[in-house]
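These notes are about the structure you will find just below.
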Amino acid sequence: MEVLKLYREFMKSSRKLTDYNFREFFLRKAREDFRSPNFSLEKARNELEVIQRQATIQGLFAKQKSIMETIGREEKLGRRKHIK
């Protein structure tokens, strides 16, 4: 039960990251690490603290969205223009 709670918190904190590359990296890392047979609860807690600190720091400094985020958002809204 504690592992599931930690996993949810890990995913929630990863989604708060404003930088696309950091966010996708930590989301992917969470999925891989929690499925790994060598999973360590203590290591996961430490990484969660790192992600939470990084999300706070990124929140303090505004940054333009990357092209990947812009394209993904437009595709979801059905606004993407086709380039010939």
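Starting from residues that are aliphatic (A, V, I, L, M) and touching a residue at least 24 places away in the same chain (Cβ under 8 Å), keep the ones in region 17-41 and report whichever is farthest from S66 (Cα to Cα). Let's see the steps before the verdict.
Quick first cut of region 17-41, residues aliphatic (A, V, I, L, M) only: 17, 27, 30, 41.
Adding the requirement that they be touching a residue at least 24 places away in the same chain (Cβ under 8 Å) leaves 17, 41.
Numbers: L17: 13, L41: 33 Å.
The extreme case among them is L41.
Can you find, within region 27-44, the residue that is surrounded by the fewest Cβ atoms within 10 Å (Cβ to Cβ) among those that are assigned to a helix (DSSP H, G or I) and hydrophobic (A, V, I, L, M, F, W, C)?
First, pick out the residues of region 27-44 that are assigned to a helix (DSSP H, G or I): 27-35, 41-44.
If we keep only those that are hydrophobic (A, V, I, L, M, F, W, C) too, we end up with 27, 30, 34, 41, 44.
Values: L27: 15, A30: 22, F34: 15, L41: 10, A44: 18.
That would be L41.
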When every residue in region 48-64 that is among the polar types (S, T, N, Q) and under 30 Å from V3 (Cβ atoms) is compared, the one surrounded by the most Cβ atoms within 10 Å (Cβ to Cβ) is Q54
Odd one out for E69 among (1) surrounded by 10 or more Cβ atoms within 10 Å (Cβ to Cβ); (2) more than 15 Å from the chain's Cα centre (by Cα); (3) at pLDDT below 85; (4) part of a helix (DSSP H, G or I): (2)
Quick one: in region 44-63, of everything that is touching a helix residue (DSSP H, G or I) at 6+ places or on another chain (Cβ under 9 Å) and polar (S, T, N, Q), which residue is farthest from M11 (Cα to Cα)? Q58
Of all residues being surrounded by 15 or more Cβ atoms within 10 Å (Cβ to Cβ) and in a helix (DSSP H, G or I) in region 12-26, which is modelled with the lowest pLDDT? Just the residue, please. Y20
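The values are calculated or read from the model by the stated rules, or taken from the named source; none is laboratory data. What you see is a predicted model, and the numbers here were worked out from it, not measured in a lab. Glycine also receives a Cβ, built like all others from the backbone with ideal geometry; neighbour counts cover every protein chain displayed.
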